[in-house]
Amino acid sequence: MRAIRGALRGSPWRTASSSLGGSLRGVASAGYLGPVGFIGLGNMGSNMAANLIKAGHTVLVHDAQPEKAEALVAAHPTARAAAALEDIARECGAIVTMLPNTAHVEMVHGRLLCAARRGALLIDSSTIAPAASAALAARAAAAGVDMVDAPVSGGVPAAAAGTLTFIVGGTQPAFERAVPLLNAMGSRALLCGSAGAGCVAKLCNNLALAISMVGIAEGMNLGVKLGVKPEVLAQVFNTSTARCWSSESYNPYPGVMDNVPASRGYTGGFTTNLMEKDLFLALAAARESHSSTPMGALAHQLYALMQTHGSGAKDFSAVMQLIAGDALPKPDGTAGAGASGGSTKPV
């Protein structure tokens, strides 16, 4: 962690815009040959892999649940499904992984590095412990493989639209090799420092995101309980000093926005389980660096409580349900039991 902090202090952020990606795009021009491998086809990964295909790349996909790979190939016939991780390692010159946690990444990358060709490029877009990411990059370098940690920001809508922001750690040459693929899946790539620095910056982002989502949920609940219509309150937030992504782009109150999880029963999106995991990692890094995170610790407690209530698979904006309870309107738009001041027992 000390080395990662030094890299963040010593390296200015470097950015790659979509226009740069346009000038570099193309597998051969970035110094790797063959198809692009993609491992991990969840809500985020499936959309990211689809955008690589749409950009003209030949993509070889794999998921621990084979039906997910089969579904992606059915939707995009130019893609192929790999039966084993080693098949991707042997055939692909560049490989993207999008996996749930540190243990998954360590297992997958361990198998990939045993079979990967020298000169290959690994892009890990998972959000994992920074120290673990830096250690994997060192193992990759010893095997003659370039690796960057490139977690993402923007959520499922940005993954589908190809407008993700990639938050990258690694060497400048490895970053430049990764840019064409990153720009096929997103609109911006930010180089934050050496290996692991991307994970550091992503965890800091999600720490702040969780805190802001809880704050917006509290404010929305209070205002509605006191008689302000939720859509009016959201407009106030979005044109005043409470304006933030959690209110303007991902409002947690049902019915305020279309096409966000709050308006479809908190399904899809970024799960509570994943947010709790990211907060756990952020707080662990805070302890290691002797950093104070009082609001982050409280947010983590709330998301852990949601898990105990059986809401781990719901989108993280469902913290609105924990705060407002049955005062929230139901998914069909009808008023909740507590909408007029009744019970507010958390869901």
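The values are calculated or read from the model by the stated rules, or taken from the named source; none is laboratory data. Worth saying up front: this structure is predicted, and the values here are computed from it rather than measured. Reconstructed Cβ throughout: ideal geometry from the backbone, glycine too, with neighbour counts over all protein chains shown.
Where strands (runs of 3 or more DSSP E) fall entirely within region 139-222, those with at least 1 residues that are surrounded by fewer than 19 Cβ atoms within 10 Å (Cβ to Cβ) are at 186-193.
Scanning region 156-176 turns up one or more residues that are farther than 20 Å from Val36 by Cβ, in contact with a helix residue (DSSP H, G or I) (Cβ under 6 Å, 6 or more places away or on another chain) and modelled with pLDDT under 95. Counting the residues of region 54-76 that are basic (Lys, Arg) and more than 15 Å from Ala184 (Cβ to Cβ) gives 1. Scanning region 271-316 for residues that are surrounded by fewer than 21 Cβ atoms within 10 Å (Cβ to Cβ) and assigned to a loop (DSSP other than H, G, I, E, B) yields a count of 9.
If you filter region 225-248 down to residues that are in a loop (DSSP other than H, G, I, E, B) and closer than 21 Å to Leu207 by Cα, you find that the one that is farthest from the chain's Cα centre (by Cα) is Thr241.
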